[in-house]
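What follows is one structure encoded as structure tokens, with my remarks underneath.
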Amino acid sequence: MTKTQMNELFNEISQSLLEEADMTALRSRSEEIRSSYRDKQGRTRDLEIRDEAGAQAYLAWRLPVTGMVIHEVMDRLLEAVPEFRPETFLDLGAGPAVSVLPVSLAFPSLRVAHLAEEQGAMRQAGQTVLKELAPFLSPEFNVSMEAADFLTTDLPESDLVLASYSINELNGEELSRFTRKLIALTRHMAVLIVPGTPEHFRRLTEVRSQLVAAGLSILAPCTFTGPCAMEEEADWCHFYTRVARSRLLRILKSGQMAYEDEKFSYLIVSRGQDDTTIPLIRTKELGRIIRHPLISKGFREVELCRAEGITSIRLSKGKHKEAYRQLKQKGWGDTLELNLSHPAISEE
């Protein structure tokens with residue numbers, strides 16, 4: 001399934017489940033969901049969706065974009081470790097089971113998915129979504145959903161653990177508890193996703209620091225395991241994915257744009273060198289592109305985050321043809337490998 005096909009499927013599911021919903025009420029509740037996810041201080045407990053109307057609003061506003069962000073991040077995991085073959089998957093704060101499709105398509109090796117979700121309305125919506133997804137899932141793929149607070153409930157250790165938009169509302173002490181729980185539950189890989197705002201990124205860096213201190217290795221977006229170059233900066237590390245809007249979403253947003261760019265921050269970690277099933281290969285010249293490359297006549301400029309810090313690179317079409325050609329195929333969020341010791345490459 002292509003990215004476009006997945007986007008279309010999520011839009012179709014969202015629309016089909018809400019065909020008979022009251023549009024006025026749905027628009028009102030959707031605005032509440034929108035505000036909670038964009039809460040700049042991260043104070044809104046956005047998992048408190050306790051009734052059917054709130055769950056419907058989530059399906060309308062967040063289902064397609066969340067699914068496509070998870071798809072994007074799973075691609076980054078495959079890019080970092082293409083040989084990864086997980087068999088068990090755990091989703092902490094699974095909402096309406098939105099992760100199941102992108103994760104199962106990224107990793108056909110999966111046999112078991114355990115979805116932990118505290119709110120009953122979201123679990124009910126999740127069961128409905130899973131019925132819609134059934135034709136696209138392997139009959140050998142066993143998916144279960146549990147009523148669980150992921151901070152306190154005993155959950156199964158799994159090869160791949162996901163926490164997608166589920167640490168948004170945790171305070172400092174809860175973040176520490178979450179980190180300890182995440183380490184205990186992760187057999188191989190863990191993935192965290194938060195909204196792409198400075199405030200949510202700061203929260204993610206808190207978890208990152210604790211994970212590194214505990215001995216886990218960073219796979220992405222950082223191409224190294226060490227201090228975050230943006231941790232003490234006013235800037236923040238974030239990326240985006242373009243999502244085609246459904247007809248329903250255009251109505252709810254009273255907008256004409258056929259797409260929106262969903263910004264997010266993420267972190268992918270491995271158990272580290274003690275995990276002999278996952279070879280960790282590091283290249284000093286490998287960096288992550290953290291801005292749109294700037295294009296001018298005969299030149300391309302790119303901002304990279306590397307172990308040495310954030311570096312601006314300027315490439316000339318005439319002087320470094322191979323590197324220039326490579327950069328033409330890259331964009332914001334991609335990794336780039338360059339021989340920075342080459343004297344012709346301008347590094348600032």
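Against the longest principal axis of the chain, how steep is helix 120-133, in degrees 0 to 90 to the nearest 10, with axes from Cα atoms? Relative to the chain, helix 120-133 is tipped by roughly 70 degrees.
Rounded to whole numbers, the Karplus 3J(HN,Hα) couplings from phi for segment 222-227 are 5, 9, 7, 10, x, x Hz, using 6.51 cos²θ - 1.76 cosθ + 1.60 with θ = phi - 60°, and x at Gly and Pro. For the chain, with all protein chains in place and a probe radius of 1.4 Å, 48% of the accessible heavy-atom surface sits on carbon or sulfur.
Relative to the longest principal axis of the Cα atoms of the chain, the long axis of helix 63-80 lies at roughly 40 degrees.
Considering only LYS330, LYS297, LYS181, the Gaussian network model of the chain with Cα springs below 10 Å gives its largest mean-square fluctuation to LYS297. Computed from Cα positions, the angle between helix 198-213 and the longest principal axis of the chain comes to roughly 70 degrees.
With the highest mean first, a sort of the peptides 133-146, 161-174, 49-62 on other beta-carbon atoms found within 10 angstrom per residue produces 49-62, 161-174, 133-146. Summed over qualifying helices (DSSP H, 4 residues or more, each -39500 (n - 2.57)) and divided by its residue number, the chain shows a 222 nm mean residue ellipticity of -11000 deg cm²/dmol. Applying the criteria of a DSSP loop state and at most 14 other Cβ atoms within 10 Å to the GluC sites (Glu not before Pro) of segment 59-132 yields GLU83, GLU87. Probing with 1.4 Å while keeping every protein chain in the model, the per residue accessible area of the chain equals 45 Å². Beta bridges from DSSP with both residues in the chain: antiparallel share about 65 percent, rounded to the nearest 5. Each of THR225, THR186, LEU162 was placed along the dipole of segment 152-236 (beta-carbon charges, centred on the mean Cα), and the one lying farthest toward the positive end is THR186. Computed with the Debye formula from one identical point scatterer per Cα of segment 123-196, without solvent, the log10 of I(q)/I(0) at q = 0.17, 0.20, 0.23 Å⁻¹ comes to -0.82, -1.06, -1.23.
One chain, two ends: GLN15 and LEU294. Fully extended at 0.36 nm per residue, the span grows by 96.6 nm beyond their Cα-Cα distance.
The values are calculated or read from the model by the stated rules, or taken from the named source; none is laboratory data. Keep in mind that what you see is a predicted model, and the values were worked out from it rather than measured. Using ideal geometry, Cβ is built from the backbone for each residue, glycine included, and neighbour counts are taken over all protein chains shown. All accessible areas refer to the heavy atoms of the entire protein, side chains included, with ligands and DNA or RNA removed. Shrake-Rupley method; radii C 1.70, N 1.55, O 1.52, S 1.80 Å.
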